[in-house]
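Beneath this line is the structure, given in structure tokens, with notes to follow.
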Amino acid sequence: MNRTDGHFDEVTVLLYLEHQLDPGRLSEVSAHLAGCSACRGLLHALEGESLWLREALAAEEEAVPSYLTSAPQRSNTHWGWIAAFALAMGGVYTLWSGFIQPWYAEASQAGFTQGNLMTMLFFSGAFWKGWDSMRTLMEFLPLATLGAIGVWVLRKQWRHFTPVAFVMGAVLCALAMPPSAMAVEVHHGDPSYTLSAGQEVKTDLIAAGERIRIDGDVDGDLIVFSPSVTVNGHVKGDILGFGQEIQVNGPVDGNVRVWCQSLSLNSSVAKNVMSWTGRTELGEKASVGGTITMFSGASELDGRVGGDLLAYVGDLDLNGTLGGDANVRGDRLTVGSTAEIMGQTKFRGRRQPQVSEGAKLASPIDVTLRKPGPNYGQIAYYWHAVLLWGASFLFGLLLLFLFPAFFARAVSTANKAGVSIGLGILLLFATPIVAVIVCITIVGLGVGIVGLLVYAIAIYAAQIFIASWLGEKMMGIGAGIGPAIARLAIGLAVLRVLRMVPYVGPIFGLLFTVWGLGALALAIHRSMRTQAVAAA
Amino acid sequence: MDERKTTGTMSEADLARLLSQVRAGDADAWGELYRQYAAAIFRFCRRVLPAREDAEDATTEIFMKVRQKLGTYDSSRPFTAWLYKVASNHCWDTLRRRRIRQDLETGDLDTLPLEHPDPSQIERLQAEHTSKEVRAGLAKLPDRARMALALRYYADMSYDEIADTLGVRRAFVGVLLLRARHQLRDALTQGGAFAALKASAGGKS
């Protein structure tokens, strides 16, 4: 720090201005300033610059996020309710599967109803009517709306809700769990499990292992998790299976519900069959007393079905007998010469169904052919798009009103596009796998199923946050609820239009989903950290 | 009276009472403390970190640290000084972890010309640029320069505190601040002296 050209350099003048010079130096500079207008000019300029910097740095040009100023209030915490709601959903599911559905099944056997709740809902309820245009709307909105209303109502009831809600949810689960949990026999195969012929399990049987073979009888339900499952014995309850190959050769008095690569059914099932499979085969000797609901890649039905058939399939070969209606959606339907369908047959697919001459049909097949990809020439296509926009907008509004702080946080998190997309890709593919693994840990069955439901809701919600983010980029950040709604509406409309672009539309859709999913997960993480600050 | 930025108008006595309540585990008092200072800390973070969401996260994390470390706070010193110390350490650590510090290391005084600039140029710059433009210019500065200016002119930190936070010798804080001012002037005039300075320093900055 020296004099230059008879003046003090800028550093020295700045240190003088900021009172950082030692006393000796201070006196020297003061004396010089008194007689040097150039150095005084520099001092004033630097002083003005300091003030200029302070004003610029202190300016409150953008709003502080509301959650940052209000987060510490415990009553703003939603997580307790969300956890309680998840627990309650687990409890409701258990109640439904443990009490309501069996009751309906008994009523069904007595002739009061037709099939179980699910098949009634799918086949004859109002839910099914108008399915074409309302499908997406109905897939997500009821669950999300009910959940949101539930959370909102409960929030209004108790101010200090977290412990109460948690206990309430836990109690509900505890009440719902015991009937199935108390009377159960559990086996982990090492590595495989076999119930030998002649042996009998008097309760429900839950088994997991590399290979599971059931040659004996099970008085209750059979729940299996295994790559290879063979059931030759008599199951007096339901079969619930998760695995790769599941073969049922023994009689089943209840229902069969499976999630697997391949299901082969060669025996009698007194009630209903529901399958999510790569391939489903109903052998010639197989008979199903109730209905069949299947989501399957390829299927062959050679046996006898007493009730209705609902199939979402790639290919379906129908050679057996069907006592009720057939409602088939898929790529190809082949009705063989030995087939007999006593009710109405509807087919919606890409190719004309093949019907052999010998096939006996109560009425001609009602065929609706659809072209691959969207039909841009039809008004219905655009009306459908408007409906989908409306559904997502309503759902977005719910989120916006119920969780405004979290909503803003999730939208802000979407700025981290790279991290969000990476995390979203991971979650999109890993979550179902983890949920199935959680299901295998027997206690976690309810948790796993609830997890999958939450996953489905999260995938739908993902677009909401990306739409709002996009709206923010287009319209800027305006304070208040009005601009927030406008951003949501505009953003969703743009997203919907982008999804309709030929060829690249689905890629956009996938991108928005993974991006939003990642942003949602990151926002949850950030919120939990905030809550840790608030509640610590 | 400590003049550092806060959003509240709390007296020293009220603040002392509030802090003692927080230390005693009073959740409502903690909420009040948070509300008093969260906005100011968020703005500080917004000035020194590259993105808004980084500032939001940092604010949350800073208050987590404040909560944890409140027991170490010496009540004979201004609370805001301590709070900004925690905040600046956190932000500086964040930048350092990300390895996006691009500015010069300490002690390179030779890259700063010992000149006597024309005061009228500095004053014209002030007259020609709005606060918004200054903030946009600040965002273009290297992290340490931006951090130094925010610590000094937003958080009102002393040279000792700045030296401690940024890990430089106290004697270089003035140089650091002056260099930051030069960089800001050049950012606002798009090129000029700082660009020439970089060239003469062999592109070290």
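Taking amide H positions as placed in the peptide plane 1.01 Å from N, state which residues far from A:GLN247 in sequence (5 or more) or on other chains have amide H under 5 Å from it.
HN-HN under 5 Å from A:GLN247: A:VAL229, A:THR230, A:VAL231, A:SER264.
Pulled fully out, how much extra length does the chain show between A:VAL434 and A:SER30, if you take 0.36 nm times their separation in residues and subtract their Cα-Cα distance?
138.1 nm
In what sequence do B:SER158, B:SER75 fall when counting other Cβ within 10 Å, fewest first?
The fewest-first ordering by Cβ neighbours comes to B:SER75, B:SER158.
Please compute the net charge surrounding A:PRO251, taking Lys and Arg as +1 and Asp and Glu as -1 over other residues with Cβ under 15 Å from its Cβ.
In short, -3.
Sort all Cα-Cα distances of region A:322-478 into consecutive 10 angstrom bins from zero, then give the percent of pairs in each bin up to the one containing the longest distance.
All Cα pairs, binned at 10 Å, distribute as 9, 21, 21, 25, 16, 6, 1 percent.
FRET efficiency for A:TRP276 and A:PHE401, Cβ-Cβ distance as r, R0 = 41 Å, nearest 0.05?
So, using R0 = 41 Å, E works out to roughly 0.70.
Considering only DSSP states other than H, G, I, E and B, which chymotrypsin sites (Phe, Trp or Tyr not before Pro) in region A:352-433 qualify as loop sites with at most 16 other Cβ atoms within 10 Å?
A:TYR376
For region A:392-437, just say rounded, prolate or oblate: build the C-alpha gyration tensor, square-root its eigenvalues into a ≥ b ≥ c, call rounded for a/c under 1.5, and beyond that prolate if a/b exceeds b/c, oblate if not.
Cα axes put region A:392-437 in the oblate bin.
By the scheme Lys and Arg +1, Asp and Glu -1, what is the net charge of all other residues having a beta-carbon under 11 Å from that of A:GLU62?
+3
So for the pair B:ASP26, B:ASP74, with labels modelled 7 Å out along Cα→Cβ, what separation do we get in nm?
For the pair B:ASP26/B:ASP74, the computed spacing is 2.6 nm.
Compute the length gained on full extension between A:SER192 and A:HIS525: take 0.36 nm times their separation in residues and subtract their Cα-Cα distance, giving the result in nm to one decimal.
Fully extending the segment from A:SER192 to A:HIS525 adds 115.9 nm.
Along Cα→Cβ, 7 Å out, is where each label goes; now give me the distance between the ones at A:LEU51 and A:VAL419 in nm to one decimal.
Between A:LEU51 and A:VAL419, the label points sit 4.0 nm apart.
Find, among the trypsin sites (Lys or Arg not before Pro) in region A:254-313, those assigned to loop by DSSP (not H, G, I, E, B) with at most 13 other beta-carbon atoms within 10 angstrom.
When the trypsin sites (Lys or Arg not before Pro) of region A:254-313 are filtered for loop state and at most 13 Cβ neighbours within 10 Å, A:LYS285 remain.
Mind jotting down the three principal axis lengths of region A:196-268 based on Cα atoms? Whole angstrom, largest first.
Taking the Cα atoms of region A:196-268, the three principal extents are 28, 24, 17 Å.
Please arrange B:PHE42, A:PHE403 by how many other C-beta atoms lie within 10 Å of their C-beta, fewest to most.
So the residues, fewest neighbours to most, are A:PHE403, B:PHE42.
Enter the mean number of other protein chain beta carbons within 10 Å of the beta carbon of each residue in B:58-65, as an integer.
5
Counting other Cβ atoms within 10 Å, keep those with at most 14, restrict to DSSP loop, and tell me which GluC sites (Glu not before Pro) in region B:115-157 are left.
The qualifying sites are B:GLU115.
Is there a simple number for the mean count of other chain Cβ atoms within 10 Å of the Cβ of residues in B:27-38, and what is it?
4
For region B:1-96, report the convex hull volume of the alpha-carbon atoms normalised per residue, in Å³, without decimals.
Taking only Cα atoms, region B:1-96 has a hull volume of 91 Å³ per residue.
For A:HIS44 and A:THR203, compute 0.36 nm times the residue count separating them, minus their Cα-Cα distance, and round to one decimal in nm.
48.1 nm
Treating only the Cα positions of region B:150-190 as identical point scatterers, give the base-10 log of I(q)/I(0) from the Debye formula at each q in 0.19, 0.34 Å⁻¹.
The calculated log intensity ratios at q = 0.19, 0.34 Å⁻¹ are -0.55, -1.11.
Please compute, for peptide B:117-127, the average count of beta-carbon atoms on other protein chains lying within 10 Å of each residue's beta-carbon.
5
Read the figures in this text as sums done on the coordinates, not as results from a lab. Because the structure is a prediction, the values reported are computed rather than measured. Backbone-built Cβ (ideal geometry, glycine too); neighbour counts: all protein chains shown.
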